[in-house]
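For reference, the structure is listed below as structure tokens.
The values are calculated or read from the model by the stated rules, or taken from the named source; none is laboratory data. The structure displayed is predicted, hence computed values, not measured ones. Note that we place each Cβ from the backbone using ideal geometry, even for glycine, and neighbour counts take in every protein chain shown. Side chains are part of the model used for accessible areas, which takes the heavy atoms of the whole protein and leaves out ligands, DNA and RNA. Shrake-Rupley method; radii C 1.70, N 1.55, O 1.52, S 1.80 Å.
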Amino acid sequence: MDLATALAAIYPPDRLLTRTSALAAYESDALTAFRTRPLAVVLAETRQEVIDTVRLCHAAGVPFVARGSGTSLSGGSVPLDDGIVIALNRLNRIVRVDPVDRIAVVEPGVINLDISAAAEPFGLYYAPDPSSQSVCTIGGNVAFNSGGAHCFRHGMTANHVLGLEVALPDGEVVRLGGDSVEGVGPDLTGLFVGSEGLFGVALEVTVRLLPRPEAYRTVLASYTSLQAAGDAVTRIIAAGLLPGAMEIMDRLAMDAAEAAVHAGYPAGAAAVLLVELEGDATQTDAELARLRAVLDASGPSHVHVAANAEERALLWKGRKCAFSAVGRLSPDFIVQDGVVPRTKLGDALAAIEELSRQHGVRVANVFHAGDGNLHPLILYDGREPGALARAELLATDILRLCIRLGGSITGEHGVGLEKRAFLPEMYRPDDIAFMQRLREAVDGRRLANRGKMLETPA
Amino acid sequence: MTIAGPSTIESLVEAVAQSAPAPLAIAGGGTSRPRPADAAHHPCAVLDTRAVAGITAYDPAECVVTVLAGTPVQHLADALAAHGQYLPWDPPIAGADATVGGMIATGVSGPGRHRYGGVRDFVIGARVVDGRGRLVASGGQVVKNAAGFLLHHALVGSGGRLGVIADVSLKVFPRPEATRTIVVRGDSLAAALEAHERLRLANLDLDALDLDGPSATVSARLAGAADALDARAARTIAAAGHAVETHTGDAEAQHWHTHSIAWWPREGATVKVPVTPSRLASILAVLAPLGPCRASAGGAVVYLHSAQPLEAVGAVLLAHHLTGAVVRGAEAGRRLGVQPSPAFADRVRATLDPDGRFR
Ligand SMILES: Cc1cc2nc3c(=O)[nH]c(=O)nc-3n(C[C@H](O)[C@H](O)[C@H](O)COP(=O)(O)OP(=O)(O)OC[C@H]3O[C@@H](n4cnc5c(N)ncnc54)[C@H](O)[C@@H]3O)c2cc1C
Ligand SMILES: Cc1cc2nc3c(=O)[nH]c(=O)nc-3n(C[C@H](O)[C@H](O)[C@H](O)COP(=O)(O)OP(=O)(O)OC[C@H]3O[C@@H](n4cnc5c(N)ncnc54)[C@H](O)[C@@H]3O)c2cc1C
């Protein structure tokens, strides 16, 4: 029996897509530069369907790509022309929310924000908050170890996933981790997270939930230079404060966000720094006094403390929509994702400014300053000949800058297709050889998300 | 045979490569797994990592430290304290000898893991020597990094079975300005469990929440700005709903020390059992006949000290669908109770230790 027939035995026709018109929606992800039409797309509704599909693919030697919402910015969910896409959006039940143990058990297609919504009646929430959280799935978050604005204090997805049920690339099903925040034996859950789909498909995810902080204190400080905003972050850490989030936007990003949502960012500033304290109310008040003193000494042109929940929400809305808002400034843009040591933020920003000038390409900067995670938005007009190439060259230069400064080529968007060639610039040949060996040991036929993260060896 | 202490990563790599493929037991301070008294007649060579020691990179402004595996945890904690920083997962110092490599390999966190997470949440990079003597790096020295497989996560709890940890990079935090501990001494274990549950669910942002079984004592630690502690302590005491003692300063440190598992005898075994708070009472009831128990991290883990044969302990764990591991004793590292699915673990292990050397 060939694969097509076998798949047709599992899926009704409306959940087995093979017609060109139906496949179009699955050809690429949020990084639209890569586009491939797969053999077929299956819309799985049960775990067993996923397991059966993986087993069939394994038996037939056909590569497969798991897909959540396709918001990957690194080409991670782009299909293969000789492969199958296993779409998981419909495998989206919240199996249980346990308010006593403060965990949620969910299927991989559950949307990130829906976990917090389900936990909200119990005063709990799911902490990792990528800007795409209203659309991206927990399965995609697990694959990329996705981040958000709260990583310095709260960590990334790996720090919130306690247990996984996984279909390995040969269809064997294993459980990793459990329900407790503590474990014994090697942390294999933590190894599976961030594996970009190469270790198989996550079928069920157990996450920890945190109690909603009693209070937030959100402060906006504006500066006449990006460097000064970066320095303020260093001062905040040096003062012993541990904010939940520290975000910086430069003028271009700020103006775009302001035009989009009228967040109330001060006009004319070169950079704004958004700092949020969270926790016990008396504690955050005490921290706020210290934070104000630190900010006042950092040479700001303006400091504003959000007066109420509405003001806070608006300040965040501006930040969270910055990517899409930049779309107003330019017909096309590349979202870059790189990391530098936090104390080198100032150097990195100055270097990016210089590169932008050299290449004659505009760059808007939005970044998670608490953890040195840069998101330069590289603006170009695709209709202009050579513009995309110039933008890509600049994007590449920025990655090399991150490596040179001792950082990383990706903080949260993953390597995917986009950055495969840069992984060997960041790690030594022995490290890459190890990754290849581990991949081979887990997936001898290289079927799971073939071609992503690691180049296929000749 | 003991392989005489390599003192650099290069000599560590060489020692592992040259002794291949003979079996090898990796030793740190020996506080969890005692080094064989008579190494000369030990069936397998012991690789002593203690000389591979020192802090290789530490910029306090970065809140990141890179440290060689043989470094005593105490030495690292002192170096951080000099800059007002600390290891937020609060590892037990476990005597002057316990090493950073041993801390990662045993995956040990202390009471303070309650607030910000355990050692697994703070390891951001590592280098490890595999069974063929190859040095492999993962992660890096930045707190956010999604490039490549996160092998450093798997080293946490690896018990010396995946390779020789050469160095690790850790995220560290500013040390809280002040702490205060509220102690409830229950009339019974049931009363202590009730107080523990009230404190756990009260949204008090506790730094630590432990329960000592035999003495029916609950210890709740607050940490943060000094001027906020009075108000926070008052709320905590109200939530406890019992007469309490409050400790600060040296008395507070002494309290946590006397109530740690450090006082448990070396004989027998200390077993770590991950649990969930909703099952804490029933699990304590089941384990109590085996020996004294202590719950830590807000009811996420139970430590049991038992002089019973490990088979008996394992059988009880299995009967109650629990998994555990010996963290101190002659058989440190042994898994008890429910065994994990082997398929993924075996493939990871075969990649790092193809000859099955690490014992
Ligand atoms: C506007 C915008 C803002 C964003 N902001 C952020 C941000 O702040 N932080 C951040 O980290 N990311 C951000 N992203 C990137 C993206 O949203 C994340 O990478 C997200 O985790 C992808 O989820 P998804 O469901 O869309 O996954 P997809 O794009 O469908 O898949 C991503 C990868 O995961 C794999 N995968 C999916 N499901 C599974 C599964 N069940 N098991 C195994 N592998 C699986 C896929 O094969 C693919 O390799 C942003 C993207 C956009 C478009
Ligand atoms: C007083 C006291 C209190 C303790 N409290 C706790 C507690 O609360 N919770 C808990 O879980 N444990 C606790 N323990 C046990 C504790 O985990 C260990 O004693 C300590 O962390 C081990 O460090 P070590 O350097 O002595 O390791 P060793 O005892 O030398 O080795 C322990 C394990 O780690 C491996 N290992 C050591 N170094 C390396 C390396 N470089 N690379 C790879 N593998 C390596 C060894 O092979 C062995 O399997 C306590 C122990 C004591 C003595």
Relative contact order as a percentage, chain B, C-alpha pairs under 8 Å and 6+ apart, gives 17
Work out from phi, with θ = phi - 60° and the Karplus expression 6.51 cos²θ - 1.76 cosθ + 1.60, the ³J(HN,Hα) of each residue of segment A:361-369, listed in order in whole Hz, and give x for Gly and Pro. 10, 6, 10, 9, 10, 10, 8, 7, 5
For the pair A and B, total buried accessible area rounded to nearest 100 Å², probe 1.4 Å: 6600
Report the paramagnetic label zone for residue B:187: residues of segment B:212-231 whose backbone N is under 11 Å from a point 7 Å from Cα along the Cα-to-Cβ axis. none
For residue B:46, other-chain or 5+-apart residues with amide H closer than 5 Å (H placed, Pro excluded) are B:2, B:3, B:25
Taking a spot 7 Å from the Cα of residue A:35 along the direction of its beta carbon, which residues of segment A:62-80 have an amide N less than 19 Å from it? A:70-80
On the principal axes of its Cα set, how long, how wide and how thick is chain B? Give whole Å, largest value first. 62, 50, 37
Additional length obtainable on full extension of the chain from residue B:254 to residue B:346, 0.36 nm per residue less Cα span: 28.8 nm
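Sum up the charges of everything whose Cβ sits under 13 Å from the Cβ of residue B:231, counting Lys and Arg as +1 and Asp and Glu as -1, but leave residue B:231 out.
Working: positive: B:180, B:232, B:235; negative: A:214, A:280, A:285, B:205, B:227, B:230.
For residues surrounding residue B:231, the net value is -3.
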Relative contact order (%) - segment A:330-404, alpha-carbon pairs under 8 angstrom, separation at least six: 41
Compute the Cα gyration tensor for segment B:178-258, then decide on rounded, prolate or oblate, letting a ≥ b ≥ c be the square roots of its eigenvalues: rounded whenever a/c is under 1.5, prolate when a/b is larger than b/c in the other cases, and oblate in all that remain. oblate
Taking the Cβ of residue B:20 as the centre, find all other residues whose Cβ is under 15 Å away and add up their charges (Lys, Arg: +1; Asp, Glu: -1). 0
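For chain A, what does the relative contact order come out to in percent, with C-alpha contacts under 8 Å and a separation of six or more?
Relative CO of chain A lands at 15 percent.
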Any idea how far apart residue A:389 and residue B:42 come out in nm if each label point goes 7 Å out from Cα toward Cβ? 6.3
Specify whether the C-alpha gyration tensor of segment A:215-324 places it in the rounded, prolate or oblate class, a ≥ b ≥ c being the square roots of the eigenvalues: rounded for a/c under 1.5, otherwise prolate if a/b is larger than b/c and oblate if not. oblate
Calculate the length of the line joining the C-alpha centroid of segment A:1-31 to that of segment A:410-458, in whole Å. 27
Once the other residues with Cβ under 11 Å from the Cβ of residue B:6 are scored (Lys, Arg +1; Asp, Glu -1), what is the net sum? -2
Using the alpha-carbon centroid of each, what span in Å lies between segment B:275-341 and segment B:53-111? 27
Along the Cα→Cβ direction, 7 angstrom out, place labels at residue B:267 and residue B:320. What is the inter-label distance in nm? 2.5
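Leaving ligands, DNA and RNA out of it, report the carbon-plus-sulfur percent of the accessible area of segment A:215-324 at a 1.4 Å probe.
Carbon and sulfur together cover 56 percent of it.
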Between residue A:94 and residue A:215, how many nm apart are label points set 7 Å from Cα along the C-beta direction? 2.9
Any idea what % of Cα-Cα pairs in the protein assembly as shown are farther than 35 Å? 47
